[in-house]
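Here's the structure, in structure tokens; my notes come after.
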Amino acid sequence: MSPVDLPISAIIYGFTQSAVAVMAAAAVLEAGKRPFDLFGMMVIAMAAALGGGTLRDLLLDRTVFWVADQTYLFVAMGAALLTFFLARRIDLPGRLFLIPDALGLALFTVAGCKVALLLETPWLVASFMGVITGVMGGIVRDVLCNEEPLVFQGPLYATAAWSGALLLIGLLQLQVDATLAALIAGTAIFLLRMAALYWDLGLPKYKRNSGGL
Amino acid sequence: MSPVDLPISAIIYGFTQSAVAVMAAAAVLEAGKRPFDLFGMMVIAMAAALGGGTLRDLLLDRTVFWVADQTYLFVAMGAALLTFFLARRIDLPGRLFLIPDALGLALFTVAGCKVALLLETPWLVASFMGVITGVMGGIVRDVLCNEEPLVFQGPLYATAAWSGALLLIGLLQLQVDATLAALIAGTAIFLLRMAALYWDLGLPKYKRNSGGL
Amino acid sequence: MSPVDLPISAIIYGFTQSAVAVMAAAAVLEAGKRPFDLFGMMVIAMAAALGGGTLRDLLLDRTVFWVADQTYLFVAMGAALLTFFLARRIDLPGRLFLIPDALGLALFTVAGCKVALLLETPWLVASFMGVITGVMGGIVRDVLCNEEPLVFQGPLYATAAWSGALLLIGLLQLQVDATLAALIAGTAIFLLRMAALYWDLGLPKYKRNSGGL
């Protein structure tokens with residue numbers, strides 16, 4: 001490992017732990033609308049928090065991150081339990097889970113993209129690894145909760161992740177400091193997603209055969 | 001491979017072959033309620049019988065068990081065909097599949113946990129590998145049959161698997177003989193699951209915002 | 001790599017690129033019936049085009065084909081975009097996607113089976129790798145589009161793939177030229193699937209307890 005890898009590994013570690021925590025919290029907030037018991041809710045929170053990074057590690061043939069370091073499991077369980085007991089005491093709006101979800105999307109996308117770049121995959125593959133890591137946890141959560149996955153609903157979900165991943169790759173290409181680039185790209189994804197939710201932005205929905213181009 | 005691995009490998013082999021057979025049988029019994037043709041039913045039986053162990057092997061970066069040894073494929077196909085022709089001749093109650101399903105849960109959980117321990121994963125990871133190996137086949141089967149997965153229904157499904165996996169790890173820590181520990185943990189999972197079904201036990205289902213703690 | 005592998009690798013490469021293109025096109029044609037936006041449609045097309053080969057590579061512990069070579073990503077995106085804009089200009093029948101789907105099934109099954117044979121898996125495993133590679137993309141597409149997977153509907157879907165994979169293995173065993181064997185097996189799968197659709201063939205659907213054998 002060259003000395004320049006050290007800060008990148010630290011960024012990936014910090015981003016991934018934070019992403020695991022907020023995705024677990026978002027999953028409990030969404031699953032709480034349904035009659036799951038405590039264990040079912042924990043299963044969904046773990047699957048949502050760990051699913052994206054697991055798929056990335058399988059695709060890149062790395063050791064799966066939580067198999068190598070069980071701290072991730074404790075963080076996911078701790079965040080899920082904390083959210084569970086807080087949510088039962090305080091009256092929370094049902095759409096609140098969209099905020100930790102957007103934060104998890106941003107953090108996981110940056111972490112996933114950086115891991116792929118460290119392994120020197122081609123740039124398009126690295127940007128897709130970011131998207132996959134970012135969106136997979138939410139897909140797993142929504143499928144298990146029997147909701148239509150957010151990623152297939154309008155407002156710029158995967159698009160925000162992909163733009164941020166490409167921004168990150170561009171900044172690193174321009175020799176921007178790794179920590180700064182990660183913060184800029186992560187903030188861009190989060191703000192883009194929040195703005196899309198607030199103003200209900202989205203790519204136009206095309207219907208097939210709906211007339212000329 | 002040290003000499004002490006030999007009996008453990010034999011336990012894993014026996015438990016896994018038995019689990020493959022009973023999970024294939026359970027899948028045919030459940031899929032038989034729906035208008036699948038023979039091949040569709042075989043696909044579901046194979047996916048249910050092999051799904052849990054496949055995910056475990058991918059996560060642990062082992063050679064997938066049935067890729068290395070196609071005996072598992074013959075066992076799964078044989079058990080599925082046998083169940084298919086028996087079930088057509090004899091009038092079976094619709095809930096019968098819960099018994100081979102509970103047996104498969106117990107056998108796969110023990111086998112999955114033991115494989116992880118052999119690879120010296122941390123204990124929490126090993127217990128989760130047991131749960132994943134145990135519950136995944138049933139999830140695949142239920143999703144393909146368009147039923148709500150048993151693991152998300154009340155009576156102590158994943159909880160039984162996790163308790164058994166932790167029991168197994170504890171017994172091995174106390175230097176209990178490996179075969180004996182596997183039998184005790186497997187029996188505990190099966191009986192806990194059967195008891196939960198019989199008396200309709202389960203963790204309380206919490207609703208969010210349902211008042212104070 | 002022995003000299004005899006070279007043509008086989010070239011066959012696999014050609015078959016896989018073609019399969020990626022037609023599966024992406026089929027996915028856009030099917031997803032076009034639903035109100036997905038452009039990006040959602042691209043996600044479904046990529047997942048359908050790359051899903052089967054990805055699962056095969058994970059199971060066989062190979063480098064995932066599109067991680068090693070991002071040409072596949074450009075082919076999938078190009079085919080999806082082209083189909084998207086063509087389909088909006090020309091009035092296409094809704095069942096048209098069945099033709100590229102059958103072509104993708106044939107090409108992916110042959111490519112999947114050949115990759116497994118190159119890695120010297122047992123013959124039954126190799127035939128199943130063909131089936132998995134062939135049917136997985138369509139399953140992913142149908143699940144994401146919320147349609148019942150084609151593989152579980154009547155007319156000889158997985159059966160056609162499996163027969164073709166076994167035919168390929170038999171031909172290679174009889175020392176038939178590798179390119180010729182691949183073309184024969186691929187054509188057989190495509191024609192069997194088309195014939196099954198045209199004449200509505202299928203294995204009989206058995207209902208459980210529907211009387212004697």
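The values are calculated or read from the model by the stated rules, or taken from the named source; none is laboratory data. Computed from a prediction, not measured in an experiment: that's the story for all the values here. Cβ atoms come from the backbone with ideal geometry, glycine included; neighbour counts cover every protein chain shown. Areas reflect the complete protein model, heavy atoms only, side chains present, ligands, DNA and RNA absent. Shrake-Rupley method; radii C 1.70, N 1.55, O 1.52, S 1.80 Å.
General observations
- Cα gyration tensor category, rounded, prolate or oblate, for the protein assembly as shown with a/c compared to 1.5: rounded
- Counting only protein heavy atoms and a probe of 1.4 Å, the accessible surface of the range B:53-97 is 64% carbon and sulfur.
- Under the Debye formula (equal points on every Cα, no solvent term), log10 I(q)/I(0) of the range A:1-155 at q = 0.12, 0.17 Å⁻¹: -0.48, -0.91
- Spatially close lysines, pair count over the protein assembly as shown: Cα under 25 Å, gap of eight or more or interchain: 6
- Rolling a 1.4 angstrom probe over the protein heavy atoms with all chains in place gives the range C:1-91 an accessible area of 38 Å² per residue.
- Inter-part distance where the range B:76-105 and the range A:135-198 are each reduced to a Cα centre, Å: 46
- Cα-only Debye scattering, the range A:114-192: base-10 log of I(q)/I(0) at q = 0.24, 0.26 Å⁻¹: -1.10, -1.21
- Percent accessible area from carbon and sulfur atoms, the range A:132-197, protein chains only, probe 1.4 Å: 69
- Residue closest to axis [chain C; rotation mapping onto A; Cβ; Å]: C:LEU58, 3
- Using just its DSSP H runs of length 4 or more, each adding -39500 (n - 2.57), chain C gives a mean residue ellipticity at 222 nm of -24500 deg cm²/dmol after division by all residues.
- Shape category assigned to the range A:50-96 from the gyration tensor of Cα positions, a/c cut at 1.5: oblate
- When only alpha carbons of the range C:1-86 are considered, Rg and Dmax amount to 14.2, 50 Å.
- Of the residues A:VAL135, A:VAL22, A:VAL67, the one that moves most in a GNM of chain A with alpha-carbon contacts below 10 Å is A:VAL67.
- Springs between Cα atoms under 10 Å define the GNM used for chain A, and in it the highest mean-square fluctuation of A:THR63, A:THR83, A:THR133 occurs at A:THR63.
- Once the C-beta distance of A:LEU174 and A:ALA68 is scaled by a Förster radius of 41 Å, the resulting FRET efficiency is 0.80 to the nearest 0.05.
- Summed over both chains, the accessible area lost when C and B associate is about 2700 Å², using a 1.4 Å probe.
- Panel note: contact residues of the range A:57-101 (accessible area lowered by at least 50 Å² against the chain on its own; 1.4 Å probe) correspond to A:LEU58, A:LEU59, A:ASP61, A:TRP66, A:VAL67, A:GLN70, A:ARG88.
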